[in-house]
Amino acid sequence: MIEKIRQLAKEKNAIILAHNYQPPEIQDVSDLCGDSLELSIKASKTQADVIVFCGVHFMAETASILSPEKTVILPRSDAGCPMADMVEPHALKKRKKELGNIPVITYVNSTAAVKAVSDICCTSANVIKVVNSLDADEVLMTPDKNLARYAAAHTSKKIYLWDGHCPFHNTLTALDVKKAKTDHPDALFIAHPECPPQVLELADSIQSTSGMIAFAGKSNHTAFILGTEVGLLYPISNAYPDKKFYPASEKMYCEDMKKITLEDLASSLENLTGQVKVPEEIRKDALGAVQKMIDL
């Protein structure tokens, strides 16, 4: 199956992207692994005709926003993101108007249609930089309230929250973390900023998924507890086989991120099914919000 996928990718001039939370066999067969936005940016700079995004729907949309001339494929059309679904354009426009049209910062974990009615996007790695870049004392952040709270703790600006969250990061509790620390007393705890504030208070470092991999590589410590989706354990362990990594909680498991199989990947490549194309009238405005962030 792996040989078939690689042959098909060669025939179709396709690049295969895999998010850090994807199953190990999908990561192994991909050309690039990483965070969603960095993957879309890298793919946009290649000569590939086809981008196969092994992730969830908003990630494929972002690839389409940055590479409108390429065919973008999501091998499983039902791989979605519950947090991205917690905000929709009409409701966001209404809330922005209620707040006096203050700037809207939207996390890249969102639909293209929501990005299109936002002023600028952010990632979990650059959110503080994005907030501080705006010439406004008040901003509205969507959809992740935990990421917004994290940013609010590192800026003097007033940040209005949207009532959205990642169902998996949001389930992690301080009790879970304390238990993991008791079980692994020599390990540093690295948390994702999508976790609740009481969890972030216990963190030795707060990082995006790629940030966690980089932090573990630079650190003199040899053991780490990861406060993020359990899929990251695979790439980070491969990157540093001489170090130990433990999940903060086994319940941080995203079913949507585990839907794509090798069979799905092969089928979508062979037949070019599962195409994701952002309509131009949405893409233009969404690109504006994404590009403002990239240009910072």
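The values are calculated or read from the model by the stated rules, or taken from the named source; none is laboratory data. Given the structure is predicted, the values throughout are model-derived calculations rather than measurements. Neighbour counts run over all protein chains shown; Cβ positions are idealised from the backbone, glycine included.
When each of Ile26, Ile73, Ile2 is tested for being buried (at least 24 other Cβ atoms within 10 Å of the Cβ), over 24 Å from Cys166 (Cβ atoms) and in contact with a helix residue (DSSP H, G or I) (Cβ under 8 Å, 6 or more places away or on another chain), the lone residue that passes is Ile73. The condition of being of a type in the set (A, V, I, L, M), under 29 Å from Asn132 (Cα atoms), in a helix (DSSP H, G or I) and under 18 Å from the mean Cα position of the chain (by Cα) holds for only one of Ile105, Ile26, Ile41, that being Ile41.
Candidates in the stretch 66-91 are the residues that are of a type in the set (A, V, I, L, M, F, W, C) and in contact with a Leu (Cβ under 8 Å, 6 or more places away or on another chain); of these, the one that is nearest to Asp295 (Cα to Cα) is Leu66.
Among the residues of the stretch 83-93, are any touching a residue at least 12 places away in the same chain (Cβ under 8 Å), within 12 Å of the chain's Cα centre (by Cα) and at negative phi? The answer is yes, given that some residue of the stretch 83-93 is touching a residue at least 12 places away in the same chain (Cβ under 8 Å), within 12 Å of the chain's Cα centre (by Cα) and at negative phi. Within the stretch 125-154, being part of a loop (DSSP other than H, G, I, E, B), out of contact with any Gly (no Cβ under 7 Å at 6 or more places or on another chain) and under 19 Å from Ala191 (Cβ atoms) holds for Asn126, Ala153, His154.
All of Ser110, Ser118, Ser64 fail the test of being within 20 Å of Asp285 (Cβ to Cβ), among the hydroxyl-bearing types (Ser, Thr, Tyr) and part of a helix (DSSP H, G or I), apart from Ser64.
When residues in the stretch 34-56 are screened for being more than 15 Å from Ser67 (Cβ to Cβ) and surrounded by fewer than 24 Cβ atoms within 10 Å (Cβ to Cβ), 2 of them pass. So is Thr173 polar (S, T, N, Q), over 18 Å from the mean Cα position of the chain (by Cα) and at pLDDT 95 or above or not? So Thr173 passes the test. Annotation note: Cβ proximity below 7 Å between a residue of the stretch 170-190 that is of a type in the set (D, E, K, R) and a residue that is assigned to a loop (DSSP other than H, G, I, E, B) (sequence gap 6+ or interchain) occurs for Asp176/Ala248; Asp176/Ser249.
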